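Peer 1: Mind looking over this structure? Questions follow.
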There are 2 protein chains.
Amino acid sequence: MVISHYVGARVRRKEDPRLITGSSQYVDDLKLPGMLHVAFVRSSYPHARIRGIDASAAKAMPGVVDVFTGRDLAARLKGKPELIPGEAPHPEEQKPEGIPVPPEEPIAVERALYVGQPIAVVVATSAAVARDAAEAVVVDYEPLPAIIDPEVAMQDGAPQLYPNIPNNIGERWERVHGDIEAAFAQAHVVVRQRFRQQRLAGIPMETRAIVAAPDPLTQGVTVWSSTQAPHWNRNALAAALGLAHGQVRIIAPEVGGGFGVKIGAYQEDFILAALALHLHRPVKWVETRSEHLMATNHGRDQVVDYELAADAEGRILGLRARIVQNLGAYPRGLYLPSTTGLMACGCYDIPAVDIKAYGVYTNTMAVGAYRGAGRPEAAYYIERMMDLLARKLGKDPAEVRRLNYIPPEKFPYTTAAGEKYDTGDYAKALDKALEISRYHEWRQKQQELRQQGRFVGVGLASYVEICGFGPYESAVVRVEPSGAVTVYTGTSPHGQGLETALAQLVADRLGADFDQIVVLHGDTQSVPEGHGTMGSRSLVVGGGAVLMAIDRIKEKATQIAAHLLEAAAEDIEFVDGKWRVKGAPDRAVTLAEIAQAAYGGNLPEGMEPGLVATDFFAPPDEVFPFGTHVAVVEVFPETGEVEILEYYSVDDCGPRINPLLVEGQVHGGLAQGIAQALWEEVRYDENGQLLTGTLMDYAMPKAAMLLSFTTDHTETPTPLNPLGAKGIGEAATIGSTPTIANAVMDALAPFGIEHLDIPLTPQKIWQAIQRAKQA
Amino acid sequence: MVISHYVGARVRRKEDPRLITGSSQYVDDLKLPGMLHVAFVRSSYPHARIRGIDASAAKAMPGVVDVFTGRDLAARLKGKPELIPGEAPHPEEQKPEGIPVPPEEPIAVERALYVGQPIAVVVATSAAVARDAAEAVVVDYEPLPAIIDPEVAMQDGAPQLYPNIPNNIGERWERVHGDIEAAFAQAHVVVRQRFRQQRLAGIPMETRAIVAAPDPLTQGVTVWSSTQAPHWNRNALAAALGLAHGQVRIIAPEVGGGFGVKIGAYQEDFILAALALHLHRPVKWVETRSEHLMATNHGRDQVVDYELAADAEGRILGLRARIVQNLGAYPRGLYLPSTTGLMACGCYDIPAVDIKAYGVYTNTMAVGAYRGAGRPEAAYYIERMMDLLARKLGKDPAEVRRLNYIPPEKFPYTTAAGEKYDTGDYAKALDKALEISRYHEWRQKQQELRQQGRFVGVGLASYVEICGFGPYESAVVRVEPSGAVTVYTGTSPHGQGLETALAQLVADRLGADFDQIVVLHGDTQSVPEGHGTMGSRSLVVGGGAVLMAIDRIKEKATQIAAHLLEAAAEDIEFVDGKWRVKGAPDRAVTLAEIAQAAYGGNLPEGMEPGLVATDFFAPPDEVFPFGTHVAVVEVFPETGEVEILEYYSVDDCGPRINPLLVEGQVHGGLAQGIAQALWEEVRYDENGQLLTGTLMDYAMPKAAMLLSFTTDHTETPTPLNPLGAKGIGEAATIGSTPTIANAVMDALAPFGIEHLDIPLTPQKIWQAIQRAKQA
């Protein structure tokens, strides 16, 4: 029997002492000798030809070292073509089949394609001087017609962003399954709705930040970057700069949140690395909050049309969906249309679908990964549709859901949309959510309150999502000579608490002293190829790699224990954190004793020294966490304001290594998902100018705007990884947006309002109520 | 057939571009924000009680942050006892059998034991302020009787450095083998000589240097140190500071030479790490050259008595030796007496020995590893003895050596001294040395020149040495997704060119692009437990670990190649840098293609991703390089000066991976060994004050004082490691000192001078000639 002392316990985070005391190190904390500072001249136009750039005034300013345009950078870099603007091979040559993928220039040379795109870069002795000088650079623009709305962009005759991408359609995905025509022909009821899902910004506490410095020992470059996936940046930069992988080292020190928007190398990463190599000096750039809102990947931004066919009981017969994803100006979210499409069925056993999804280029900032990336979008649509269906049939939304759930016995289950779900027990989570929220009591109370002229709404949503993405993750586990353990993971946590979770696994499975376990991450030099932290994959896939490495170490440790205890390896058991001889509990050795032997030479004949393992875990498939959330809200018709009265979440991520960490993820996810439902939106005006360039305009929630959540869980393990775990990083974000939207729509039902698009701002609600009253 | 394109070729050093352009990074190049500077108050007395320390004036100086005495440091550190002065457990409790090993205090508390010992440490905002303040610290000393001469220290009644170490004898080693009494009884001739081998200083180009900074992410400490063995320091510091191994990171960036004196954690390493943790700021210390001469481990310093018994032919019958090693004040060279004793027989088949060796504490700087550490000492004695024997018998020294060589057929051969030599062909190296030096011509010419009043001497020496020390070495080889290769080695080269040699192995054996191979070292975070660069072990043991890792990668690569080429793994061969199907040379894949498959998921069923291996090589035993050197010198009696006219070395280190690197090691070794023969000496006066505290006093050679060497080699592989290689780092140092000494003595033969102790300075030679003339 292996005792699990740490796994499953509410172990406090190893990360917190350094964070609470403010003694950790973010990129902006780095100060290197001779370091220069960088600021960007960014496009003021969503679409414009660059006729000329006059940097003479900027260059003359005291403290300015140099100003580089795209052409300058190209001329001074010996990098590979894709980094050199204007020299990129024609994309069709690269991808003969399918839709071409336009190359991303680090600095715009001929044309600017969105507001905020880098046009020139200023290097100066301080960040303030660099910023002032950037404002002194004069760019001669010739404005071109800009397209902001993806549905307009798709129309024939619309201006094209790229000459070889007709109708600006950068991605197409389609799935027709089952007899969709029959489904709609036989339907007792058809529900149709158009949804516009707003654009969001990531807004991690720490904006993007980069320090790049020449590496004197490899003659390459070290880049400290606030990134979620250091190896991806390493690979991209090495290729672009023509360096060996060993010459490019990416370090993500403490990272203050990512939410998906810190995935992948940005223009700024390439530019800073190139400048460090060119100038032979360290260079630093820390994104301002306005730059973040303007030039860091956005999320969501879809417009979709859904149709649901159902029988008189409410059993779904078929789903039609047309999904239009605004890609922005660059291809950073090409997988979003298909992901949304693949998850379109949600938790439901839908026999027939006809889903068409498009990704469309527009003159806006690129849309990429943002917490959930495709799954929140899909969950929002189907969960709103379920409520619309229930309302149309006059049924309880919980019961319509229950009727349509994929039953537990059908797993693994492939949806009509084409996604294969591993395991699930949706009714169990629903039941628990209904119970802890006293759902039925609330339904009754709601009626009473309505009598009193109070507009209380009860909303719920069931979600399922994909996580545990491969292709694989790496881990190095080193038992050191003292028995201390150092773990290196290829994932790159940035606030999640993974150091604690992995240390719990090591402590229990190797009998290591928890305080002597150090988990390191975010450094391409310490661990082979990893795929970072994103898509709720870190524990599921990264933890899997750690477990595999632990198992290898344990195998060797058992051999050494047998040698030390003068017993056969088969007679050694690991009990209570020690290796002991079966039936002779006093004959036992600790990890420290085994480590001492491993490094000190007291080893079985022919065994190599050391107690170290490097391993990769490639999950056989994705895993699908799920849950049901319930919210009770009140809407105040006089102001259109929404108050959340109660919030209940039941999430199932399989076994929980550390409930404290899981709850932290759930709390954060709820805040973020609720914010999408009620407040947050990136807006461009019709000319493509960003309206939400500061936090005065982009409505992030404050703590006081939220309530105390009641969280609970069910536990349905997956057979697809050694922990049985499923990931919890995105789950609550996904469940909460439709829950709140449904609750608000439920509150507004007395006004006859069926649907409003999120965010459900007071203005929008008040106007809808006014319209309803007038109607 | 594996083509060896790089191995064996004169490949230019990967290291040189960064070194030649001055763009590399030594510890002193590091500047960290908020970094403070450290200077040491060091003992002015070789032995004194510390009655009090008044730092008030120093603390009051502008820019001084604080001054710490040993007691302060102890009070403020929560470290383990061995680091806390005055709290060390009684050494006898630790080592119940054998002689106690005295603990080393980081800062002297009660007593100072040698001139230069740290007494207090000043922290200030600049190095200059710190040094000035260190001079303002007033120490109240009570001088105690000091012992400088180890033979005096051994006498009964001599003052003791440590109360529990009688006669100051810190180490004893003895070997009696064969019938030594009979050997001397039967001897036709007995040669006796007392040798005093001077004390040396390491004098690498870069002195010791340390920067220690708190690590914000582990809450431990990162120490950049000019060290030869980062992991050793990591282990020592972690234990002393009570930190997990993962919390202590040692980085040896570019290191400017070591020669053995940069092995091991010094007091300064502990102190700086502790200060960084205590002050929460980076601290820096760069040893001055005077500090280096005073307080960095010294080398050599022995006084020995040798007796050689031989028959009339010159065949050696027995050897008696009494070796007294001056250990200095601390136990850093406890292995030196035994190493000298074990190598006492040199290349010779000596049937009987009686060797007694002692290590003796004195009030001088500790003696530790210095290029060769025990082997140069032993080689010098036996090679001088061979010349004395030849002279006594009137025979050619070359022929007396040949007569006594261990013949090739006797290997592996265990000497009477107890050392097991792996392989050797000493006569082959001798023959080549005699041939290329035109030895016999020179012998004739010498006679003619003597007729002309010129004192030309011809000297030779044959040496054998030990290298390839275990216990093991580690390596990580990572084929990156592009096919670039990153190698991490547990050895820690500091000028040897190992990056180049290891890259050559990787290029040939994996078909990797040489320019895409990056070899990294000197970082405890990147590679598991290593044992550093010392004892000519890096290629032999470190290269062995790299080869083992390569072999593992190759095995996996072959499986992947078979999968890609749709062939059986048995049908895949590695030819011309590619994996191809036997009999179908067009069906081939490169390393880059295999890497792409390994990381891209195109793998055989069930194979884990990645192309990475970590391995350890534990050599089964040491290896024994050898060689013969010949020198022709001229002595000018009017001044006592020596001019080296010609120098020939024939060294056998087995197969040479890169002859350019081997020659570099030989050239440097010759310079250093010749310098010991002629110039260098660390001297203390009879009161224990250092006389050679600057490079004006310590006579390092200048390039113009040396000549152009003629180097050659023979090649006798060892079966004990996969390369067959033996190590060349120390060889030439070992061979050259006795060669020059023998040549000078040969030149002085007409004066009847039989022996003078090294260094053979003009003064010493001139005085000897004067004495000889007066006699």
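Computed from the coordinates by the stated procedures, all read-outs in this text should not be read as laboratory data. Just so it is clear, the model here is predicted, and its values are computed rather than measured. For neighbour counting, all protein chains shown are included, and Cβ atoms are generated from backbone atoms with ideal geometry for every residue, glycine included.
Peer 1: Going by average Cβ density within 10 Å per residue, which order do the peptides B:378-391, B:534-547 take, highest to lowest?
Peer 2: B:534-547, B:378-391
Peer 1: So, in Å, what gap is there between the alpha-carbon centers of the stretch A:452-514 and the stretch A:516-593?
Peer 2: Each part reduced to its Cα centre gives a spacing of 17 Å.
Peer 1: In debye, nearest 20: dipole of the stretch A:634-775 around its Cα centre with unit charges on the Cβ of K, R (+) and D, E (-)?
Peer 2: I would put it at about 100 debye.
Peer 1: Something else: Going Cα to Cα from A:Lys31, which lysines come in below 17 Å? Please leave out same-chain ones fewer than 8 positions away.
Peer 2: A:Lys284, B:Lys31, B:Lys284
Peer 1: Ok, one more. Taking the alpha-carbon distance from B:Lys556 and a cut-off under 16 Å, which aspartates and glutamates remain once sequence neighbours fewer than 8 residues away in the same chain are dropped?
Peer 2: Cα-Cα hits under 16 Å: A:Asp615, B:Glu480, B:Glu566, B:Glu570, B:Asp571, B:Glu573, B:Glu593, B:Glu605, B:Glu608, B:Asp615.
Peer 1: Over the stretch B:469-617, what is the relative contact order in whole percent, taking alpha-carbon pairs under 8 Å and six or more residues apart?
Peer 2: Numbers: 290 pairs, mean separation 47.8, N = 149.
With pairs under 8 Å counted, the relative contact order is 32 percent.
Peer 1: If you don't mind, another one. Counting only residues 5 or more places away or on other chains, whose amide H sits under 5 Å from the amide H of B:Arg208 once H atoms are built in the peptide plane?
Peer 2: Excluding prolines and chain starts, which carry no amide H, the hits are B:Glu287.
Peer 1: How many partner chain Cβ atoms sit within 10 Å of a residue's Cβ in peptide A:484-491, on average, as a whole number?
Peer 2: Across A:484-491, the average partner-chain Cβ count within 10 Å equals 3.
Peer 1: What pairs from A:Lys432/A:Lys554; B:Lys14/B:Lys554; B:Lys59/B:Lys262; A:Lys392/A:Lys445 go past 30 Å between their alpha carbons?
Peer 2: Numbers: A:Lys432/A:Lys554 39 Å; B:Lys14/B:Lys554 24 Å; B:Lys59/B:Lys262 32 Å; A:Lys392/A:Lys445 22 Å.
From the list (A:Lys432/A:Lys554; B:Lys14/B:Lys554; B:Lys59/B:Lys262; A:Lys392/A:Lys445), the Cα-Cα distance tops 30 Å for A:Lys432/A:Lys554; B:Lys59/B:Lys262.
Peer 1: Can you work out ³J(HN,Hα) from phi for every residue in the stretch A:122-129, in order, using Karplus 6.51 cos²θ - 1.76 cosθ + 1.60 and θ = phi - 60°, giving whole Hz and x for Gly and Pro?
Peer 2: Listing the rounded values in order: 10, 10, 8, 7, 9, 5, 5, 4 Hz.
Peer 1: Out of A:Met534, A:Ile169, A:Ala57, whose Cα points farthest toward the positive end of the dipole of chain A (charges: +1 Lys, Arg; -1 Asp, Glu; placed on Cβ)?
Peer 2: Final value for the positive-end residue is A:Ala57.
Peer 1: For A:511-518, what's the mean count of beta carbons from other chains sitting within 10 Å of each residue's beta carbon?
Peer 2: On the way: counts 0, 1, 1, 0, 3, 6, 2, 12.
Shielding by partners across A:511-518 averages 3.
Peer 1: Shifting gears a bit: Would you pull out the residues with amide H under 5 Å of B:Tyr684's amide H, same chain only if 5 or more places away, H placed 1.01 Å from N?
Peer 2: For B:Tyr684, whose amide H was placed from the backbone, the distant partners under 5 Å are B:Leu691.
Peer 1: Moving on. Step through the residues of the stretch B:583-592 one at a time and calculate ³J(HN,Hα) from phi using the Karplus curve (6.51 cos²θ - 1.76 cosθ + 1.60, θ = phi - 60°), rounding each to whole Hz and writing x for Gly and Pro.
Peer 2: Running phi through 6.51 cos²θ - 1.76 cosθ + 1.60 with θ = phi - 60° gives x, 9, x, 6, 8, 9, 10, 9, 4, 4 Hz.
Peer 1: Under 5 Å between amide H atoms, partner at least 5 residues away or on a different chain: which partners does B:Leu36 have, H built in plane at 1.01 Å?
Peer 2: B:Val283, B:Lys284
Peer 1: B:Lys428: which lysines have alpha carbons under 19 Å from its alpha carbon, excluding same-chain residues fewer than 8 sequence positions away?
Peer 2: In chain and number order, the partners are B:Lys410, B:Lys726.
Peer 1: A follow-up question, please. May I ask which residue of B:Ala461, B:Ala130, B:Ala429 lies farthest towards the positive end of the charge dipole of the protein assembly as shown, with charges of +1 (Lys, Arg) and -1 (Asp, Glu) on Cβ and the Cα centre as origin?
Peer 2: B:Ala130
Peer 1: Place a +1 charge on the Cβ of each Lys and Arg in the protein assembly as shown and a -1 charge on the Cβ of each Asp and Glu, then give the dipole magnitude about the Cα centre in debye, rounded to the nearest 20.
Peer 2: Computed about the Cα centre, the dipole is about 1620 debye.
Peer 1: Please name whichever of B:Asn404, B:His755, B:Val11 sits farthest to the positive end of the charge dipole of chain B, dipole taken about the Cα centre and charges placed at Cβ: Lys and Arg +1, Asp and Glu -1.
Peer 2: After comparing all options, I get B:His755.
Peer 1: What's the FRET efficiency of A:Gln770 with A:Asp29 using the Cβ-Cβ distance as r and R₀ = 41 Å, to the nearest 0.05?
Peer 2: FRET efficiency, A:Gln770 to A:Asp29: 0.20.
Peer 1: Using helices alone, I'd like the mean residue ellipticity at 222 nm for chain B: each DSSP H run of four-plus residues gives -39500 (n - 2.57), total over residue count, nearest 500.
Peer 2: -9000 deg cm²/dmol, from helical runs alone.
Peer 1: Using θ = phi - 60° and the Karplus relation 6.51 cos²θ - 1.76 cosθ + 1.60, list the HN-Hα couplings for the stretch A:64-72 in order, rounded to whole Hz, with x at every Gly or Pro.
Peer 2: 7, 8, 5, 10, 10, 8, x, 5, 4
Peer 1: Taking the Cβ-Cβ separation of B:Leu645 and B:Glu754 as r and a Förster radius of 22 Å, what is the calculated FRET efficiency to the nearest 0.05? List each step's numbers first, then the result.
Peer 2: Numbers: r = 22 Å, r/R0 = 1.02.
For B:Leu645 and B:Glu754, the calculated efficiency is 0.45.
Peer 1: Quick check on the exposure proxy: order A:Met700, B:Met696 from fewest to most C-beta atoms within 10 angstrom. Could the numbers behind the result be given before it?
Peer 2: Details: A:Met700 13, B:Met696 7.
Least crowded to most crowded, the residues run B:Met696, A:Met700.
Peer 1: Ignore the peptide's own chain and count Cβ atoms of other chains within 10 Å of each Cβ in B:618-625; give me the average, rounded.
Peer 2: Per-residue shielding by partner chains comes out at 1.
Peer 1: To the nearest 0.05, what FRET efficiency results for B:Arg51 and B:Thr694 with a Förster distance of 30 Å applied to their C-beta separation? Don't skip to the answer; put the middle values down first.
Peer 2: Working: r = 30 Å, r/R0 = 1.00.
That gives a FRET efficiency of 0.50.
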